[in-house]
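The values are calculated or read from the model by the stated rules, or taken from the named source; none is laboratory data. Because the structure is predicted, anything quoted here is derived from the model rather than measured. Cβ coordinates were reconstructed from backbone atoms using ideal geometry, including for glycine residues, and neighbour counts include every protein chain displayed.
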């Protein structure tokens, strides 16, 4: 067979017990495809008159894509009851079969340098720059005599409490200056940075250096409905409970319904 591929064509005549009503052709692939796309093959068959006096009778065809040896495709060809007697010569039939095999096409691979790589998102960086520049800020927070400029729309989009505060019926709705009580400056600054950038770089330090900040930040996140920030603080505090922090962390976990953090504290205390 051309292209280095081998095929076997077998015929199962109507006289066989398994095929009493029709002749069956089986095209079997004996080679192995050289590409993942396989080898497309088609088989066309028609009954012919060996003398050439009659026109070919009834053409049937079938197609298949072969991949591995012993793959096969079957074609049920003409019911014996429908064969005109003129095509029978000495109780035999003459078939003309045509096998078409398409050339295997190589699988095209795109060189790595041609693949378009999308840049990582920089939305958090742009919003962080907006916070730092204070461009377009429409509200100022006063925290322990320190002021922070921010944008009501961004705060409301991130926190349900800020949304109610600035766009609900709360008294701060039209206010451009809001005093924040009972919160440390460092905790508010870190929370504001998280709202704009979704990151908390202050907690990248070892826990012993930021344990107090993490506790204050967890309380602030719970108050303002910042669930992701709350979970970040909970995970940070769970990673290094000590004798000095176990009691305060347990009280914090109970107050703000941090079940996993509470379980970690109880486990640490009972083990001691």
Practice task
Of the conditions (1) closer than 30 Å to residue 243 by Cα; (2) under 33 Å from the mean Cα position of the chain (by Cα), residue 154 clears all except one; give me its number.
Solution key: (1)
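Residues checked against (1) farther than 24 Å from residue 145 by Cα; (2) in contact (Cβ under 8 Å) with a residue 40 or more places away in the chain; (3) touching a strand residue (DSSP E or B) at 6+ places or on another chain (Cβ under 7 Å):
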{"site": "164", "(1), (2), (3)": "yes, no, no"}
{"site": "167", "(1), (2), (3)": "yes, no, no"}
{"site": "177", "(1), (2), (3)": "no, no, yes"}
{"site": "180", "(1), (2), (3)": "no, no, yes"}
{"site": "198", "(1), (2), (3)": "yes, yes, no"}
{"site": "204", "(1), (2), (3)": "yes, no, no"}
{"site": "209", "(1), (2), (3)": "yes, no, no"}
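Here are some residues: 128, 136. Which one is modelled with pLDDT of 90 or more and closer than 26 Å to residue 235 by Cβ? Give the steps one after another, and end with the answer.
Values: 136 fails: closer than 26 Å to residue 235 by Cβ.
Within the list 128, 136, the selection yields 128.
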Exercise for the section: Give the residue that is surrounded by the fewest Cβ atoms within 10 Å (Cβ to Cβ), with candidates limited to residues of region 195-221 that are within 19 Å of residue 164 (Cβ to Cβ) and under 31 Å from the mean Cα position of the chain (by Cα). Expected result: 195
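Select from region 110-144 the residues that are under 14 Å from residue 188 (Cα atoms) and touching a helix residue (DSSP H, G or I) at 6+ places or on another chain (Cβ under 9 Å) and list them in ascending order. Let's see the steps before the verdict.
Let us first name the residues in region 110-144 that are under 14 Å from residue 188 (Cα atoms), namely 131, 140-144.
Across region 110-144, the qualifying residues are 131, 141, 143, 144.
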